[in-house]
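First comes the structure, then the notes that go with it.
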Amino acid sequence: MLQWATDRWKFRRAARAARAALLAGTREGYAPPAPASDTQDILLVPCWRRPEMLWHCIDNICRAEGVEAVHVVFRPDSDFDPDNLAVIREHAKRLPSHEIQPAPRCPYRRTKLSANILLGYLNVAARAARYVYMVEEDIMVGRDFFRWHAAVHAQCADLFCSIAVRNHNRNVHTPDDPDGYYLTSGDYCSWGVCFDAAVIREHIAPHVNLAYLSRPKRYLRGHFADSRVSFGFVEQASLLRRIQEGGSLPIAYPATPRAFHAGFYGRNRPGKIQGALHDRVRRLHGMIYDCSAMRSAALSDCYAADSEPVPLDIVARQGLHQLDMPSA
């Protein structure tokens, strides 16, 4: 009981400080262990207990064009696997700028993962030059990932966000067009996303509060009663989906994805790879880039419905152009 009370006090203090600092437009309360220039965009990488997945995630990030201009903030959630730190150290020399920022222990079971990501957003948005990227440990990004996000934001001044994966919220048919993108609404997901920091400050931060984090369903009923999103979904992605759904800012998706979701096992999906870390990394390499191998290894039928590998060497050939919203 004493530990829970201590965790609750520390968490509530951290949550208030993060929100107040961002809304005030200051850095008060932040002391990053590694310097991060306020002229850099920031990539947020939450991680927990899949260091072998994180290894491949970072490997692809390091191969992406434009990563040299991005500061990477790793957010290990509480009770994370220590091998995550070994993986980050292994790639440290390939990352031009990074820091490790462990999350405060969240005392609220239903919003533990959400708290790590949302407080991470507030933290890095207070320091980013303009763009905030978020790539979870099971997202594999392509060579054009950063360039595509920057290009689509430059072309569309008022976006809620851009998302680099295939739209898995509805069955959207797009042409094989590396230069094409389309705008949509109500289709938010947290897989390979990019926000303008101003959107986080103005639209998201007001809802990242203790009322939501402690009683998410009550908060969502009170603030998003007319949402089409079921109240069975209360995590951070569904909060952001409701925020976007109720506003006027669209989401940009690529006609040809620049990332894919490789999480065929994890926090909410059964399964695990056994063995030493280097063996798990090697075995995973033979799975995550092969659709049949991943689907055969997955213990959850829902994986096949929302994910499949995509080529990671796709690049835009010319300037981007907007497509009409494809038919479902």
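Data for the structure
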{"read-out": "Residue within segment 223-233 that is assigned to a loop (DSSP other than H, G, I, E, B), on the phi > 0 side of the Ramachandran plot, touching a residue at least 12 places away in the same chain (Cβ under 8 Å) and more than 21 Å from the chain's Cα centre (by Cα) present", "value": "no"}
{"read-out": "Criterion: β-branched (V, I, T) and more than 21 Å from the chain's Cα centre (by Cα) - qualifying residue of I204, I200, I243, I273", "value": "I273"}
{"read-out": "Qualifying positions in segment 276-318 - under 20 Å from D144 (Cα atoms) and part of a helix (DSSP H, G or I)", "value": "I288"}
{"read-out": "Verdict on I273 being in a loop (DSSP other than H, G, I, E, B) and β-branched (V, I, T)", "value": "yes"}
{"read-out": "Some residue of segment 84-101 being surrounded by fewer than 23 Cβ atoms within 10 Å (Cβ to Cβ), closer than 20 Å to R19 by Cα and not hydrophobic (A, V, I, L, M, F, W, C)", "value": "yes"}
{"read-out": "Breaking point among (1) closer than 22 Å to N116 by Cα; (2) buried (at least 17 other Cβ atoms within 10 Å of the Cβ), for F231", "value": "(2)"}
{"read-out": "Contacts under 6 angstrom Cβ, first residue in segment 171-199 being closer than 23 Å to V229 by Cα and in a loop (DSSP other than H, G, I, E, B), partner modelled with pLDDT under 95 and hydroxyl-bearing (S, T, Y), 6 or more apart", "value": "none"}
{"read-out": "Checking V72 against (1) in contact with a His (Cβ under 7 Å, 6 or more places away or on another chain); (2) more than 18 Å from Q40 (Cα to Cα), the condition it does not meet", "value": "(2)"}
{"read-out": "Answer residue from segment 24-62, given it is at pLDDT 95 or above and of a type in the set (V, I, T) and is nearest to the chain's Cα centre (by Cα) among those", "value": "V45"}
{"read-out": "Some residue of segment 55-74 being out of contact with any Pro (no Cβ under 6 Å at 6 or more places or on another chain), more than 23 Å from D144 (Cα to Cα) and touching a residue at least 24 places away in the same chain (Cβ under 8 Å)", "value": "no"}
{"read-out": "Yes/no for H56 being surrounded by 17 or more Cβ atoms within 10 Å (Cβ to Cβ) and touching a strand residue (DSSP E or B) at 6+ places or on another chain (Cβ under 6 Å)", "value": "no"}
{"read-out": "Cβ pairs under 8 Å, 6+ apart, first in segment 2-14 and under 17 Å from D77 (Cα atoms) and touching a residue at least 40 places away in the same chain (Cβ under 8 Å), second part of a helix (DSSP H, G or I) and small (G, A, S)", "value": "F11/A115"}
{"read-out": "In segment 234-251, the residues that are of a type in the set (V, I, T) and part of a loop (DSSP other than H, G, I, E, B)", "value": "V234"}
{"read-out": "Matching residues, segment 229-288, being more than 25 Å from R50 (Cα to Cα) and touching a strand residue (DSSP E or B) at 6+ places or on another chain (Cβ under 6 Å)", "value": "P250, I251, A252, Y253, P254, A255"}
{"read-out": "Single match in G192, G142 (criterion: within 27 Å of Y108 (Cα to Cα), surrounded by 18 or more Cβ atoms within 10 Å (Cβ to Cβ) and not aliphatic (A, V, I, L, M))", "value": "G192"}
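Quick grid of which residues meet (1) surrounded by 14 or more Cβ atoms within 10 Å (Cβ to Cβ); (2) touching a Leu at 6+ places or on another chain (Cβ under 6 Å); (3) closer than 23 Å to Q155 by Cβ:
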{"position": "A259", "(1), (2), (3)": "yes, no, yes"}
{"position": "A262", "(1), (2), (3)": "yes, no, no"}
{"position": "R269", "(1), (2), (3)": "yes, no, no"}
{"position": "K272", "(1), (2), (3)": "no, no, no"}
{"position": "H278", "(1), (2), (3)": "no, no, no"}
{"position": "S300", "(1), (2), (3)": "yes, no, no"}
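The values are calculated or read from the model by the stated rules, or taken from the named source; none is laboratory data. Note that the structure is a prediction, hence the values are computed from the model and not measured. Every residue, glycine among them, receives a Cβ derived from its backbone with ideal geometry; neighbour counts consider all protein chains shown.
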